[in-house]
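Notes follow once the structure below has been shown.
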Amino acid sequence: MPELPEVEIMRRYFESAALNKKIAALEFHDPLYKVFKSSTEELNEALVASQFIKTERIGKYLFAQTNRGKWLHLHFGMTGDLELFRSEELPKYTRFVFQFEDGDKLAFKDLRKFGVIQIVESPEAYQANNTLGDDLLTIDPQYFVDKLSKRKVAIKTALLDQKYYAGIGNWIADEVLFNCGVHPKKPCNEISSTKLKEILKDAQTVVLEAIKKDTHYGDFPQNFFVNYRKEKALHPNHPNSPVERMVVGGRGTFIVPEKQKL
C-alpha cells in the first residue's frame, strides 16, 4: 500500500510529468466507476483545457490545483500508481488517463481499484470534510502529545488513526515502535510525554529517510526493522529474539519481544 513516502515520490513524479501542460482530453477506463468519486462531466469540465500549476500532499493524499482554481484529489488506495507514456498501448491496470497537448499521457493505474479520483474545493476543505489531520512532517510535538496522552487505545491503533496527523502507515508504525522500544498494545495514556515526542521524532526521521532513498526498500539502512519485518526473522541487534507477529486493531503487527515488552 502506498504510504506517505511513496505518495511524496508520486507527488514529485506528478509535478515532473504534468505541471504546466495543457490537458487536451481525459480517458476513463474503469467501467464500474469504482475509482471515480466525481462524475465524468465534472472531471472534464474542471480539467480539460486547463493546466496543473501546483501540488500539495497531506499524509497519503495528493492534491493538484489547476489554473482555473479547481483541485484534483488523488488517493492511491492499496495498489495505485502513476505512469507517464506516449504509446497507444495502455499501461497495465490503467483506470484514468490525462492526455496532454504535447503528446504525453499520464496514467493512473490501480489493480484493486481502491484508489480515488475526485474534484474537491481545496485540500483544506477536504481535510475538514473528512476529519483528516495535518501532515505528519509538519505537526507540532506538543500537539502530538496532547492528542495521544489521554487516549486509552493501543499506541499502534492510535498511530494509524489519520484523524489527528496524516501519514503514519502500518510498516512505519512498526518501525517506529521497534526503534523506540514500545509494545504496540501499550495504551497511549501509559506512555510518557517524553516517549511520545520520541515516537513522533522517529516517525518523521523514518519517513524522511524513506523519501531520501526514493522508497527503494532494499536501500534502507541494514538496521531498519522493515528489513526483518516477518515472522521468525532475526534483527542483527537482537539475534536471540525472533520477530513475532500479532494483530493490533485489525492490522498485522510485528515486534521484537526482547526489545518491546508490554
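Just so it is clear, none of the values below were taken in a lab; they were calculated from the coordinates. Note that the coordinates shown come from a computational prediction; the quantities given were computed from them, not determined experimentally. Every residue, glycine among them, receives a Cβ derived from its backbone with ideal geometry; neighbour counts consider all protein chains shown.
Annotation: amide H of Ala233 within the under-5 Å range of Val243, sequence separation 5 or more or interchain, hydrogens built in the peptide plane.
Anyone know which of Gln127, Gln51, Gln222 comes out most mobile in the 10 Å Cα GNM of the chain? Judging by the Gaussian network model, the answer is Gln222.
Give me the percent relative contact order of the range 59-199, please, defined on Cα pairs under 8 angstrom at least 6 residues apart. Write out the running numbers ahead of the final one.
Details: 220 pairs, mean separation 30.2, N = 141.
Contact order relative to length: 21 percent.
GNM remark for the chain: springs join alpha carbons under 10 Å apart, and the peak mean-square fluctuation among Val247, Val182, Val153 falls on Val247. Sorting Glu45, Glu198 by the number of Cβ atoms found within 10 Å of their own Cβ, with the fewest placed first, yields Glu45, Glu198.
Our coupling estimate for the range 220-227, obtained by passing each phi through the Karplus curve with A = 6.51, B = -1.76, C = 1.60 and θ = phi - 60°, is 5, x, 4, 7, 4, 5, 4, 5 Hz, Gly and Pro reported as x.
So which helices of the chain fit the span-like rule, where a helix is a whole DSSP H run, its Cα atoms reach 30 Å or more along the axis, and its mean Kyte-Doolittle is at least -1.0? Walk me through the intermediate numbers first.
Details: long enough: none.
Span-like helices here: none at all.
Across every pair of non-identical alpha carbons in the chain, the mean reciprocal distance, once inverted, gives a Kirkwood radius of 19.8 Å. Using a ≥ b ≥ c from the Cα gyration tensor of the range 134-255 (square roots of the eigenvalues), is it rounded, prolate or oblate, where a/c under 1.5 gives rounded and otherwise the larger of a/b and b/c decides, a/b for prolate? Cα axes put the range 134-255 in the oblate bin. Our coupling estimate for the range 86-93, obtained by passing each phi through the Karplus curve with A = 6.51, B = -1.76, C = 1.60 and θ = phi - 60°, is 10, 6, 6, 7, 6, x, 4, 6 Hz, Gly and Pro reported as x.
FRET efficiency for Ser39 and Thr138, Cβ-Cβ distance as r, R0 = 30 Å, nearest 0.05?
That gives a FRET efficiency of 0.35.
Seen through its C-alpha gyration tensor, with square-root eigenvalues sorted a ≥ b ≥ c, the range 1-114 comes out rounded because a/c lies under 1.5. With neighbours defined as other Cβ atoms within 10 Å of a residue's Cβ, the residues Glu8, Glu88 order from fewest to most as Glu88, Glu8. Between the range 117-170 and the range 204-231, what's the alpha-carbon centroid distance in Å? A separation of 22 Å, based on Cα centres. Rounded to the nearest whole Hz, the Karplus-based 3J(HN,Hα) values (6.51 cos²θ - 1.76 cosθ + 1.60, θ = phi - 60°) of the range 103-118 follow the sequence x, 5, 9, 10, 9, 9, 9, 7, 4, 8, 6, 9, x, 9, 10, 7, with x at glycine and proline. Using a cutoff of 8 angstrom between alpha carbon atoms and counting only pairs six or more residues apart, the relative contact order for the chain works out to 17 percent. Taking packing as the residue-averaged number of other Cβ atoms within 10 angstrom, the listed peptides 184-192, 91-99, 71-79, 237-245 run from highest to lowest as 71-79, 91-99, 184-192, 237-245.
Helical runs assigned H by DSSP (4 residues or longer) give the chain a calculated mean residue ellipticity at 222 nm of -8500 deg cm²/dmol, each run adding -39500 (n - 2.57) before division by the residue total. Once you charge only the Cβ atoms, +1 for Lys and Arg and -1 for Asp and Glu, what is the size of the charge dipole of the chain about its Cα centre, to the nearest 20 debye? Computed about the Cα centre, the dipole is about 980 debye.
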